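Heads up: the structure comes next, in structure tokens.
The values are calculated or read from the model by the stated rules, or taken from the named source; none is laboratory data. Computed from a predicted structure; not experimentally measured. All Cβ positions, even for glycine, are placed from backbone atoms using ideal geometry, and neighbour counts span all protein chains on display. Accessible surface is based on the protein model in full, side chains and every heavy atom, while ligands, DNA and RNA are left aside. Shrake-Rupley method; radii C 1.70, N 1.55, O 1.52, S 1.80 Å.
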Amino acid sequence: MGLRFSDALVTIASGAIFGFGLAFSTMIRPESVIAFLTLTDLGLLLVLGSAVAVNLIAYQLVPRLCQTTLLGDKFQQRPFVLDKQALLGGVLFGLGWGLCGVCPGPALTGLGAGNPDLLIALAGIFAGALAHGLWAGRRQG
Amino acid sequence: MAFFPNGIAHYVIGGLLIGLGVAMLYVTSGRPGGVSTFFSAAWSWLLDRPFFRQKSFLESRGWRLCYALGLVAGGALYVAVGLPVSPSAMPAWKLALGGVLIGFGARLGGGCTSGHGICGMASLSPGSIVMVGVFLTTAIATAWVLRALGI
């Protein structure tokens, strides 16, 4: 739990570069995302493609060249199992994304860039995650 | 270029920076930098229910909070250096309802545009590639229907 200072600093910096890029790409503006989803400006594909290209190097090459990360930790795998529930989650996420043009990263960064309306979206995301946890917790018994 | 009426430079440069931030997190700490888990893990500070007290949330909430604060700071920095932001006028009800769907859906679906879209795709995870197809298709269909209805 206790986060090393170097680790905390690098993590904040990673988030800040990510956020700066989100703002630069205009994806913090819900209307830009909707313009993509209605296929009037396909810019989001370039944003996603560029981000994935950089990370193909990070995820495919770096773990093969280095035993540990720069801070001496293990490279972690994303835990994910594709099942019916996950697919339903993807559909619900898509409905929300298509409705308001916001997703979790841009909601945080857009708030930082001075759009207070995104507090409403963030409250909604927190509420949705809470509802999911209460529901999933009950299913687990 | 009808596909890109606003040019392409800011999209490519922005995307490379987004990628750089996510890659930096992975190369330094080995963590896939998905954003949406933060919104579940944060509840572990307030609630005692077993779901929110699960080990993976307790172990990751510290760095996830740093990462989220970094994302906010990145937006503030962008404005502080004098770069332009166009105003947005998304209706509050869309942000509220959309937010709930996004929060619930991302957690049920095991990730969002950053977790599946960037980290999962860069991991060449077949499941993540399917998920991106599912939420992208659903979102495009939703936006088209709403536009056709004039909502």
Name the residue farthest towards the positive end of the dipole of segment B:1-146 from the options B:PHE3, B:GLN54, B:LEU108, assuming +1 on Cβ of Lys and Arg, -1 on Cβ of Asp and Glu, about the Cα centre.
-> B:GLN54
Sorted by accessible area (1.4 Å probe), largest first, how do B:ARG31, B:ARG53 line up?
-> B:ARG53, B:ARG31
Expressed per residue, the solvent accessible area of segment B:89-151 in Å² (1.4 Å probe) is about 37 Å²
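Ranked by accessible surface with a 1.4 Å probe, highest first, in what order do A:PHE126, B:PHE3, B:PHE39 come? Walk me through the numbers on the way to the answer.
Values: A:PHE126 60, B:PHE3 135, B:PHE39 0 Å².
Result, largest first: B:PHE3, A:PHE126, B:PHE39.
Can you give the calculated 222 nm mean residue ellipticity of chain A, where each DSSP H run of n ≥ 4 adds -39,500 (n - 2.57) and the sum is split over every residue, rounded to the nearest 500 deg cm²/dmol?
Details: 7 runs with 95 residues, N = 141.
Taken over chain A, the calculation gives -21500 deg cm²/dmol.
Tell me what chain B gives for mean residue ellipticity at 222 nm when only DSSP H runs of n ≥ 4 count, each as -39,500 (n - 2.57), the sum divided by the residue total, rounded to 500 deg cm²/dmol. If you can, show how the numbers build up before the last one.
Working: 5 runs with 93 residues, N = 151.
So the calculated ellipticity at 222 nm is -21000 deg cm²/dmol.
From the Cα gyration tensor of the protein assembly as shown, with a ≥ b ≥ c the square roots of its eigenvalues, which class applies: rounded if a/c is under 1.5, or else prolate if a/b is larger than b/c, or else oblate? Mind showing how you got there, number by number?
Numbers: a/c = 1.41, a/b = 1.13, b/c = 1.25.
Rounded is the answer for the protein assembly as shown, as its axis ratio a/c remains below 1.5.
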Of the DSSP H helices in chain A, the ones reaching 30 Å or more along their long axis in Cα terms and averaging at least 0.5 in Kyte-Doolittle hydropathy are A:118-140
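Let me make sure I get this right: for segment A:40-141, a, b and c are the square roots of the gyration tensor eigenvalues over alpha carbons, sorted descending. Under 1.5 in a/c it's rounded, otherwise prolate if a/b > b/c, else oblate. Which is it? Please list the in-between numbers first.
Details: a/c = 1.78, a/b = 1.25, b/c = 1.43.
Oblate, since a/c reaches 1.5 and b/c is not below a/b.
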Anchor B:LYS55: lysines whose Cα lies under 19 Å away (excluding residues fewer than 8 positions away in-chain) = A:LYS74
